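The values are calculated or read from the model by the stated rules, or taken from the named source; none is laboratory data. Quantities reported herein were computed from a predicted structural model and do not represent experimental measurements. Cβ: placed from backbone, ideal geometry, glycine included. Neighbour counts: every protein chain shown.
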Amino acid sequence: MTTKPIGQVDSALEHALNWKSGLRIFATMAIAVVGMASSVYASPITIPIGLASGATYRLVFVTDETYAAADTIIGDYNTEVSNEADTIAALAALGTTWSVMGSTSSVNAIDNIGQDAGVAIYNLDGQEVASDATTSSGGLFSGNLVNAINYDENGNVLNAAVWTGTGPTGVASVYPFGDVAFYAYDTTWGCSQTACASSENWTQFSDSPDSTDYSLYAISGVLTVPSSSTPEPATTGMVTIGVVFLYLAARRRRRTGSATPTRC
């Protein structure tokens, strides 16, 4: 058996230890970045992927907080959803108005939120919900949705009963918010589950006494994609991992090239 000089053994050992140390650093950074990306994707997406700079759009969510539906003033509901949106930094930073997707006996939901023909609507997971807030095909009040409004202001899935007081065409139902004309002061509510999006059930599933606490649907004003935006943290994280890996690989090549060749 050929024995390597002590100097060569020490050099090889140092190289191996340095490489393992580098791998540990890489693994630690990768785990940290993945953790960061995971937390990001649990946050609301405020600029849907694929929209070009200058494109207009609107956002919609279902409130995590619950409310009664006995109030007859639509402005009070608008205030409630606005206050809830403003508790989330990413939504507050948009500087937009928020309106409840609901109807009283004197104000229809379709008028309260504004139709804004041609401006697509997205939930806070970045999925298109409707082509706009009209009754036209693909519109919010056409009878069904492209995707459900089942993400709350935090960007989390929320399957809930949602007060609307509204029929499928955006006009007040027989049981609007603050109903005082019919039996038991009932109000119409919809369903935020995915299964409800394919029919009028998303807005008009059933009715319950308006003293019950249910969620509300909130929709933003018209937003515009900025001319430049910061890359998604998840993308930044993958770039960071790639840079670290290339650095370690280059470091290994340099050490290998400068090592004294082993002679048998």
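Counting the residues of region 110-149 that are outside any loop (DSSP other than H, G, I, E, B) and in contact with a helix residue (DSSP H, G or I) (Cβ under 6 Å, 6 or more places away or on another chain) gives 1.
Taken together, the criteria exclude ALA148 from residues that are out of contact with any strand residue (DSSP E or B) (no Cβ under 8 Å at 6 or more places or on another chain) and at pLDDT 95 or above. Selection of region 160-188 for residues being crowded, with 24+ Cβ neighbours inside 10 Å and free of Cβ contacts under 8 Å to residues at least 40 places away in the same chain yields TYR175, THR188.
Out of the residues in region 202-232 meeting the condition of being β-branched (Val, Ile, Thr) and under 19 Å from the mean Cα position of the chain (by Cα), tell me which one is surrounded by the fewest Cβ atoms within 10 Å (Cβ to Cβ). Can you show your working first?
In the first step, residues of region 202-232 are kept if they are β-branched (Val, Ile, Thr); the result is 203, 212, 219, 222, 224-225, 230.
Add one more test, that the residue is under 19 Å from the mean Cα position of the chain (by Cα), and what stays is 219, 222, 224-225, 230.
Values: ILE219: 25, VAL222: 12, THR224: 12, VAL225: 16, THR230: 9.
Among residues in region 202-232 that are β-branched (Val, Ile, Thr) and under 19 Å from the mean Cα position of the chain (by Cα), the one surrounded by the fewest Cβ atoms within 10 Å (Cβ to Cβ) is THR230.
Report whether or not VAL157 is over 30 Å from GLY54 (Cα atoms), hydrophobic (A, V, I, L, M, F, W, C) and modelled with pLDDT of 95 or more. Step through it out loud before you land on a result.
Working: over 30 Å from GLY54 (Cα atoms): no; hydrophobic (A, V, I, L, M, F, W, C): yes; modelled with pLDDT of 95 or more: yes.
Considered against the rule, which asks whether it is over 30 Å from GLY54 (Cα atoms), hydrophobic (A, V, I, L, M, F, W, C) and modelled with pLDDT of 95 or more, VAL157 comes out as no.
Rundown of residues vs (1) of a type in the set (Asp, Glu); (2) buried (at least 18 other Cβ atoms within 10 Å of the Cβ); (3) within 17 Å of GLU153 (Cα to Cα); (4) touching a Ser or Thr at 6+ places or on another chain (Cβ under 6 Å), yes/no style:
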{"site": "PRO48", "(1), (2), (3), (4)": "no, yes, yes, no"}
{"site": "LEU59", "(1), (2), (3), (4)": "no, yes, yes, yes"}
{"site": "GLU65", "(1), (2), (3), (4)": "yes, no, yes, no"}
{"site": "ILE88", "(1), (2), (3), (4)": "no, yes, yes, no"}
{"site": "THR97", "(1), (2), (3), (4)": "no, no, yes, no"}
{"site": "SER106", "(1), (2), (3), (4)": "no, no, no, no"}
{"site": "GLY114", "(1), (2), (3), (4)": "no, no, no, no"}
{"site": "VAL119", "(1), (2), (3), (4)": "no, yes, no, yes"}
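Among the residues of region 194-201, are any of a type outside the set (Lys, Arg), under 19 Å from the mean Cα position of the chain (by Cα), at pLDDT 95 or above and under 20 Å from SER82 (Cα atoms)? Checked against the condition, which is being of a type outside the set (Lys, Arg), under 19 Å from the mean Cα position of the chain (by Cα), at pLDDT 95 or above and under 20 Å from SER82 (Cα atoms), region 194-201 yields no hits at all. Selection of region 189-201 for residues being surrounded by fewer than 17 Cβ atoms within 10 Å (Cβ to Cβ) and either within 19 Å of GLU65 (Cα to Cα) or of a type in the set (A, V, I, L, M) (or both) yields only ALA195. Every condition in (1) closer than 19 Å to TYR185 by Cβ; (2) in contact (Cβ under 8 Å) with a residue 60 or more places away in the chain is met by LEU94 except one, and the failing one is (1). If I ask for residues that are out of contact with any helix residue (DSSP H, G or I) (no Cβ under 8 Å at 6 or more places or on another chain) and within 15 Å of TYR217 (Cβ to Cβ), which ones from region 84-109 would you list? Of everything in region 84-109, those that are out of contact with any helix residue (DSSP H, G or I) (no Cβ under 8 Å at 6 or more places or on another chain) and within 15 Å of TYR217 (Cβ to Cβ) turn out to be GLU84, ASN108, ALA109.
If only one of PHE182, PHE177, PHE205 is within 30 Å of ALA68 (Cα to Cα) and modelled with pLDDT under 95, which one is it? Steps first, please.
On the way: PHE177 fails: modelled with pLDDT under 95; PHE205 fails: modelled with pLDDT under 95.
Only one candidate passes the filter, namely PHE182.
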